[in-house]
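Chemist: Starting off with a structure, shown below.
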Amino acid sequence: MIGSRTLFSRLALSAAFLLSLAGCGGGGGGEVLGNPPPPPNAPTALAYPVPAPVYETSTPVTPNVPTHGGGAVDSWSIAPALPAGLAFDTGTGAITGSPTAPAPSNVHTVTATNADGQGTVQISVTVVLSALDSMAAQSTFSDDDIRYFLGRTHFGGKASDFTNVKAIGIPAYVDQMLTFDDTTALEQAAHGHLLTTDAATMVVTDKFPSHAQVSRYWLHLMVNSPQPFQEVLAFFWHDHFASSTAALETNSTWWMPTQIDLWRKQGAGNLRTLMLAMARDWIMLEFLDGVRSTKNAPNENFPREWFELFALGVDNGYTQADILQAAKAFTGYRTRTNAGGWQEVTFDTSRHDPNAKTIFGVTIPGQNVTDDYAAVVDITIDNRPVAEFISKKLFEHFCYEGAGNLPIAAMAAQLRADGYELAPLLKTLFKSEAFFSSRAKVGLAKGPIEHVVGFIRTTNLAPIDAPQATDSVGTPVNTLRTLDSSCVTLAQRPTQPPSVNGWPVTEQWLSAQNMLDRANTVVQCIRDRTDQTNAGVDVTTLLPPPGQRSAIEVVDGLATLLRVTLSPTERTQCETYLNSQAGAGGTPTPSPFDASIAAHVSERVRGLLYILAQHPTYGVR
Amino acid sequence: MNTPFSSRTPHVRDGRLHVPRGSSRREILQWALAGAGITALGPWIDKRLPTASAAAQGNKILVVINMDGGCDTLNMVIPITSGSYVTRRPNIHIPAAAALALTDGPGNLANGLHPQLDQIRSMWADGDVAIVHKVGYPSENLSHFESQDIYSYGVRGEFPTLGIPQSGWIARFAQQYAPTPLGAVSLGAGRPTSFVGGTSGPLQVSSLSGFSFANDNGASNNHLLRLATIKQMLTASQATGTPGEVKSAIQQAHDLTAQIQAAVTSFAPTATYPSRSLAQRLRDVAILIQGGFETRVFYTTTGGFDLHGDEGGVTGSQANLMQTIDDAISAFRTDMVAMGQWDNVVIALITEFGRRNYENGSFGSDHGAAWSEMLIGGGVNGGVFGPTIADSDIAAPKEYLTYGVDFRDVYKEILNDHLNAPAGPVFPETQPTNVVLGVC
C-alpha cells in the first residue's frame, strides 16, 4: 500500500501518522491514512561535544564534531555565520579553524538536513582574545617569568638582575628599565678603545680608529653596561636600520660611535626623531650612497631601502614613482675633508634638488635652504603603516615570530596615540600577556652576540686581553681583542652586518660551524691563562650560598643561572661530572665535589659552565 | 624598470640580493624546503641528513680557487702576439720572450703563461690545463661586491621568478647533490656568498686544524671529560623544536670535528706544501680527499689581486701572486698523483673581473670585465677555448675585454661532464652564450 500513497512532505506524513494514531477511530480532522507510513528518519538529537565553546584567537580549535540520531545527514548549515577564522564543514557540521578576532558570545543555530527532514541545535560560540594576542598587562609573574624576561631583555641577566627584578616586580622594573640613566663614565671608558686623546669630551682626535676598535668600543658597552637593555635595544635598531663599516675608508670609521650612540640614546625615544636621525647619520649616508645623491643624479639606493627595509616593508604601499621622488628629496649631502684631514659629511645646497617633490600625493614645497629629509620621514610616517611595520619588528624580535594582526594593531594604535613615543609602547610590550604567553616562551634562537655576550654578562667570565705596546694610553685593561675576533668568526661583529638587511636569522646560526665557534668562544671565557686556581674571577660568587653547595645543588644553581633546563638524566650526568676527577685522556675517577677545594671550583665549576653553555636550551632565549 | 616580484620572497634586483626583512626563520626554511622538494613539516634539521642517495658522483672533485680583487689575467695568460698589449702597457707587460710558451701539449701560438707559472706550464704540456677566454656575463659590473655577488649567486634574474630561494650556487649544488655538511667545504677566512642559503649547511672553516673544540690548556684532562660529558648529554637529550635544532647542530659539530681531526692526524702527504695560506688550504683539501670524505666541491680564496698600482710585470706584485698559485697547485698535484686522484680533480681559477687593457698612471691596472679562466687537473681537456682575444680587443679605444662566454657555461660543463651532476638545479637559467666548450 505504501507505493500507492501520495507523497506529502515527510513532516506532513508523520503528522498525519500521529493524527491517525491519536485520532484512533476518527477524532480530529486529519486524514486517516490507513497503514502507518515508514518511520521518518530526519536527523534528531543533534549535539556538539562542546556545546558552548569559548575559543581563543590565533589558536587552532579542537574540531568540534557534532553527533546526531536519525538518518544520515545530507548537509549541515549554520546561522549566523561563525566568527572570522572559524570554518564550518557543511558535510559534517564540524567546527574547525583558528579565530582571528574576538567575538562576544553569540547563539548560532545549526541545522542538519536530509530528505526526511531537519534537525537543529543551538551552539553558543564565544571568542576571547588569547594571551598570545593580548597586549593587556599580565597580572601575575613567576620566578621563571622573571628569568625568561631577563633572557629577552638583559642578554640573559646576572644573578643580581634577578634579585632586583624580584624585589620590585616586573611591572615596576619595566618602568625603570625604559628610563636610561646617564652612562657617560662608561662611554668614556669605552672610548679608550678608539685612540681618543680627550677622554672628557670623548672627541676622537688622535688617529682614525680601525674597524676592530669601533667594534670593541661597542662590545665594551655591551659587556659592562649597568643597564644592558639599552644595549639590547640599540643592537635591535642597528640590525633593523643596518649599515656597516666594512666597506668604509679608514678616515670615516670615526663616525660609527656617533651612530652607536644614536641607537643607545634615542632607541627608546621618539620613533620619528629616531628615523630622521638615522636617515641623516653619516655612516648611513655613506653606506647607502646618500653622499653621492645630487640634483643631477639622484641616487635610488637609500630611498629604496628606506621604503623597502626601514619604514614599510617590501612593496607595502610605495611605488617606483615614490622612490624616484624620494631620491630627489634625499639629495645634497656630500663628504669633505676638514682642516684636520678627517672626512666629514656636510649639506651642500648646490647639490640639493630645489624643486617640489610629491610622495604619496603629498607635496614637499621646493626650497633650497635645508635638506628635505624631515619632510620625507614625516610624509611616510603620516601616510603609510609605518607604525604597524615597526611594531611588528619589535614584536617579532622580542616576543615570537609570525605575529598575527591583533597584537600588532594594538601596538600600532598605541604608538600613534602616543605620538610615536617608543618608551610607553615598550613598557606595554614587556608587561603584556603576549610577551609572557606560552607561544612566546617556546623560544627564539640566540644569535651569536646574544650567546657570547650573554655568557660573559651572566658569569662575569670574559676573555682577557692585555693592552699591547702599540695601544694608546687609556686603552682599557681588557682590550676585548679576542671577543671581537670571535664575533668576526661567529659572523656577527657589531657595526658590520653583512648587508643592509642586517643579520637575518639564518640556518647558519644553527649550523654545526656556528655551534663550534660559540663553544670555542666560551672556552676563551672560562680558561685562565696564568693559573687555574681562581685567578681573575672568583667563580665561587656564582655558586649557591655556603651550605648549599653539594654537587647537585651546584648543578641546579648554575643551570638556573644560565636558564638551562636539564632533564633528569642530564642533571645526573652533570652531577657525575662534578663528582669526578679527570685523569689522563679525561678518564674520570670518583671524587666527591667539595666547594671548599679551590681546584674543584676552578676546574669543575668552570667546566660545568662550559658544559651548560652547550646545552640545547642555552641556545634559545 | 622593476620586474614585479612577490613581496614575501627574496629577490635579486640590480644585481643585488634582497631578503625581505620580517622574513621569519620559518619562512626562510619553508622556502628552502620547498626548493629541495621536501614539503613535510617538522624540525628542518632532520632534512639535512641525506635521505635518498644523491645523483651518482663517483669521486670527482672540483676545487674552486677565487682570486680575490679582480685578477689581471692578461698578465697571467699573456696575448703574446698582440702589439697593443705591449704598447698600452709599457711598464707592466710581460714581453713575449719572457712568457712561457704553450707550443707543446695541446699547442697554442697566441698565448704564453706568466714566467712564474712554470709548473702549471708543465701541466699544460700534460694536457691538464684548459684556458677559457673572455669569461664574464652581460652588462658587466665593475664593482667588487656587485660582481662577486653575481659570480657567487650564479643567477641574474629574480629568485622568486626562478622558483628557488636565495642561495649561492655551491649551496644549491650541495643541497642537490651532496647534502651533508661535508658535501661542499669552504676553507679560509670569511663566509663566501656562494655558500649562502641552501638546506645542507656546507662547512665553512678557516682551516681544518682549527675545526676542533679548542682546548683548555690549564685543565686539559678535565676538558676532555667535559667534552665527553657533553656528548653523553647530547645522546640522552630529547630536545625538540628550536632546542632540538640547536641540539642537532651541536651534535653534528662534535661528530664532524672528531672525523676531521682524525683525518688531519693520519694525513701522510707526499708533497711539501709552502707555508703560504693558499698552499695550506690546498693541503687541507688533500687531507679531506685522502680521508675519503664525501666532499665534491671545495672553495678557497687567495687575495691581493686588486693591483691599482705597482702591478709589476715579469717581477713584482703580480709575479708574486702567480708564484703563490703555481707553488700551491704544484704541491697539491703531487699529492693528488700520489693518491691516484689527479684524474678526478678539476681546479678552477676564478675572479670577479679582469682588468683594463691598459696600465694606469700608477703602473697598475683598473677594473675591467671579462677575463681568462684556467681549469687545471687530470679531469680537464687541455687547450685554449672560447673566443680568441684579438689585438683589436685590446687596442684603443677598447677599455677592457668584453665577455664572450658566460661564466655559468663553464660551470655547467664542469658539473655535467666532470661531476656527473646535471647543472639545471644549480644554474636554472639559460645562459646567453650557451657555448659548448668541451673543457671536461
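The values are calculated or read from the model by the stated rules, or taken from the named source; none is laboratory data. As the structure is a prediction and not an experimental result, all values here were calculated from the model. For neighbour counting, all protein chains shown are included, and Cβ atoms are generated from backbone atoms with ideal geometry for every residue, glycine included.
Let's see how each residue does on (1) within 24 Å of residue B:63 (Cα to Cα); (2) more than 21 Å from the chain's Cα centre (by Cα):
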site	(1), (2)
B:315	no, yes
B:323	yes, no
B:328	yes, no
B:337	yes, yes
B:344	yes, no
B:350	yes, no
B:353	yes, no
B:364	no, yes
B:367	no, no
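Chemist: Among residues belonging to segment B:179-195 that are of a type outside the set (Phe, Trp, Tyr) and surrounded by 24 or more Cβ atoms within 10 Å (Cβ to Cβ), point out the one that is farthest from residue B:279 (Cα to Cα).
Modeler: Restricting to residues being of a type outside the set (Phe, Trp, Tyr) and surrounded by 24 or more Cβ atoms within 10 Å (Cβ to Cβ), the top hit is B:179.
Chemist: Which of the following residues is under 25 Å from residue B:139 (Cβ atoms) and under 19 Å from the mean Cα position of the chain (by Cα): B:399, B:373?
Modeler: Going through B:399, B:373 in turn, just one is under 25 Å from residue B:139 (Cβ atoms) and under 19 Å from the mean Cα position of the chain (by Cα): B:373.
Chemist: Right, another one. Could you please let me know if residue B:439 is crowded, with 21+ Cβ neighbours inside 10 Å and modelled with pLDDT under 90?
Modeler: Yes, satisfied.
Chemist: Now a separate question. Hey, can you tell me all the residues within segment A:567-600 that are crowded, with 18+ Cβ neighbours inside 10 Å, more than 7 Å from chain B (Cβ to nearest Cβ) and not in a helix (DSSP H, G or I)?
Modeler: Those that are crowded, with 18+ Cβ neighbours inside 10 Å, more than 7 Å from chain B (Cβ to nearest Cβ) and not in a helix (DSSP H, G or I): A:579, A:581, A:593, A:595.
Chemist: Please go through segment B:371-404 and give me each residue that is buried (at least 16 other Cβ atoms within 10 Å of the Cβ), aliphatic (A, V, I, L, M) and in contact with a helix residue (DSSP H, G or I) (Cβ under 9 Å, 6 or more places away or on another chain), ordered by number.
Modeler: B:374, B:375, B:376, B:380, B:389, B:394, B:395, B:401
Chemist: Looking only at segment A:422-466, filter to residues that are of a type in the set (Val, Ile, Thr) and within 16 Å of the chain's Cα centre (by Cα); which one of those is surrounded by the fewest Cβ atoms within 10 Å (Cβ to Cβ)?
Modeler: A:442
Chemist: Show me the helices (runs of 4 or more DSSP H) found entirely inside segment B:137-178 where at least 2 residues are among the small types (Gly, Ala, Ser) and more than 21 Å from residue B:402 (Cβ to Cβ).
Modeler: Those helices (runs of 4 or more DSSP H) span B:169-177.
Chemist: Let me ask something else. Confirm whether residue A:319 is crowded, with 22+ Cβ neighbours inside 10 Å and more than 24 Å from the chain's Cα centre (by Cα).
Modeler: no
Chemist: Here's something else I'd like to know. Restricting to segment B:127-150, what's the tally of residues that are among the hydroxyl-bearing types (Ser, Thr, Tyr) and at pLDDT 95 or above?
Modeler: Here the count works out to 0.
Chemist: What residue, of A:176, A:138, A:188, is touching a helix residue (DSSP H, G or I) at 6+ places or on another chain (Cβ under 9 Å) and either free of Cβ contacts under 8 Å to residues at least 60 places away in the same chain or of a type in the set (Phe, Trp, Tyr) (or both)?
Modeler: A:176
Chemist: Which residues, taken from segment A:406-421, are within 18 Å of residue A:272 (Cα to Cα) and either polar (S, T, N, Q) or surrounded by fewer than 19 Cβ atoms within 10 Å (Cβ to Cβ) (or both)?
Modeler: Correct list: A:413, A:414, A:416, A:417, A:418, A:419, A:421.
Chemist: If you take the residues of segment A:321-348 that are in contact with a helix residue (DSSP H, G or I) (Cβ under 9 Å, 6 or more places away or on another chain) and among the polar types (S, T, N, Q), which of them is farthest from residue A:203 (Cα to Cα)?
Modeler: A:325
Chemist: In segment B:192-207, which residue that is part of a loop (DSSP other than H, G, I, E, B) and over 22 Å from residue B:264 (Cα atoms) is nearest to the chain's Cα centre (by Cα)?
Modeler: B:192
Chemist: In addition: Which residues, taken from segment B:228-243, are surrounded by fewer than 22 Cβ atoms within 10 Å (Cβ to Cβ) and either of a type in the set (S, T, N, Q) or more than 7 Å from every other protein chain (Cβ to nearest Cβ) (or both)?
Modeler: B:231, B:232, B:234, B:235, B:238, B:240, B:242
Chemist: I've got another one for you. Only one of (1) surrounded by fewer than 21 Cβ atoms within 10 Å (Cβ to Cβ); (2) within 21 Å of residue A:150 (Cα to Cα) is not met by residue A:231, so which one is it?
Modeler: Unmet for residue A:231, out of (1) surrounded by fewer than 21 Cβ atoms within 10 Å (Cβ to Cβ); (2) within 21 Å of residue A:150 (Cα to Cα): (1).
Chemist: Among the residues of segment A:601-621, which ones are over 21 Å from residue B:231 (Cβ atoms) and within 10 Å of another protein chain (Cβ to nearest Cβ)?
Modeler: Listed by number, the residues that qualify are A:602, A:621.
Chemist: Then there is this: For the subset of segment A:116-161 comprising residues that are among the hydrophobic types (A, V, I, L, M, F, W, C) and touching a Lys or Arg at 6+ places or on another chain (Cβ under 7 Å), which member is nearest to residue A:451 (Cα to Cα)?
Modeler: My answer is A:155.
Chemist: Any idea which of (1) β-branched (Val, Ile, Thr); (2) touching a strand residue (DSSP E or B) at 6+ places or on another chain (Cβ under 6 Å); (3) within 30 Å of residue A:135 (Cα to Cα) is the one residue A:345 doesn't satisfy?
Modeler: Failing condition for residue A:345: (3).
Chemist: Taking the stated definitions as given, is residue B:225 facing chain A (nearest Cβ under 8 Å) and more than 31 Å from the chain's Cα centre (by Cα)?
Modeler: Yes, satisfied.
Chemist: What tally of residues in segment A:308-324 results from selecting those that are touching a residue at least 12 places away in the same chain (Cβ under 8 Å) and either farther than 20 Å from residue A:291 by Cβ or basic (Lys, Arg) (or both)?
Modeler: 7
Chemist: Which of the residues belonging to segment A:152-173 are at positive phi and in contact (Cβ under 8 Å) with a residue 60 or more places away in the chain?
Modeler: Within segment A:152-173, A:155, A:156, A:157 meet the criteria.
Chemist: Can you tell me which residue is farthest from residue A:309 (Cα to Cα) among those in segment A:479-526 that are away from chain B (no Cβ under 11 Å) and touching a Lys or Arg at 6+ places or on another chain (Cβ under 8 Å)?
Modeler: A:479
Chemist: Identify the single condition in (1) within 30 Å of residue A:235 (Cα to Cα); (2) away from chain B (no Cβ under 14 Å); (3) surrounded by 15 or more Cβ atoms within 10 Å (Cβ to Cβ) that residue A:351 does not satisfy, given that it satisfies every other one.
Modeler: (1)
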